[in-house]
Structures are given as C-alpha cells and as structure tokens.
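Enquirer: Dropping a structure here in structure tokens format, bear with me for questions.
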C-alpha cells in the first residue's frame, strides 16, 4: 500500500499551502497566530486548520529557521477534516432554532 504525501494545503477552504504560510510568517512576522489569516484567508473558512496554523506559528516563533512539516498524510488530513465537518454540521442541527422566535415590537 502506497501512502500519500503530506498535505500541501494546510487551509483546504482557501487552498493555502504550508510553504505560503511559512513564507508569510517569515516575512510578515505576525505577533499572534490569528494574524496568519492575512495570508490568503488561511483559517477563516471552516476552522479545521486553525490548530495546525497555531502549531506552525508557535514552532516558527521558537525557531524562525524551522521547516515545519505536516505530521499526517494528505488522505488522513482530508478524512479528519470530513469527520470535523460531520461533527460541526451535527452540532449546528442540534442547536438549530426556529427562524423567527423574537416577539415583534409594538409600535410606539
């Protein structure tokens, strides 16, 4: 069985590859991990990649010359993201409320 390589895209929603995130961190020197979202919107879609972006950010904060790598295969990364989406969709359905439950204001 042939294993797939690590994922090239960290943010699958906006197709932001690891090397772009690393380059952004090196050049722009964001102070907090959330500023990495300025790199093509990484982490602003479904939210799945945020922990990975934070991990890359922290690793590069400790060692600016680090060469971060993804620790799972592309197939495993996509599969875990699918499970994340199923969980999020299930939670959204569970929390769903009728659309207009706010009482109307009386005219003044």
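Readers should treat all values here as calculations from the given coordinates under stated rules, not as data from a laboratory. Because the structure is predicted, anything quoted here is derived from the model rather than measured.
Enquirer: Over the Cα atoms of the stretch 9-83, Rg to Rh with Kirkwood Rh, two decimal places?
Expert: Answer for the stretch 9-83: 0.94.
Enquirer: Between residue 8 and residue 83, what is 0.36 nm times their sequence separation minus the Cα-Cα distance? Round to one decimal in nm.
Expert: Full-extension gain reported as 25.0 nm.
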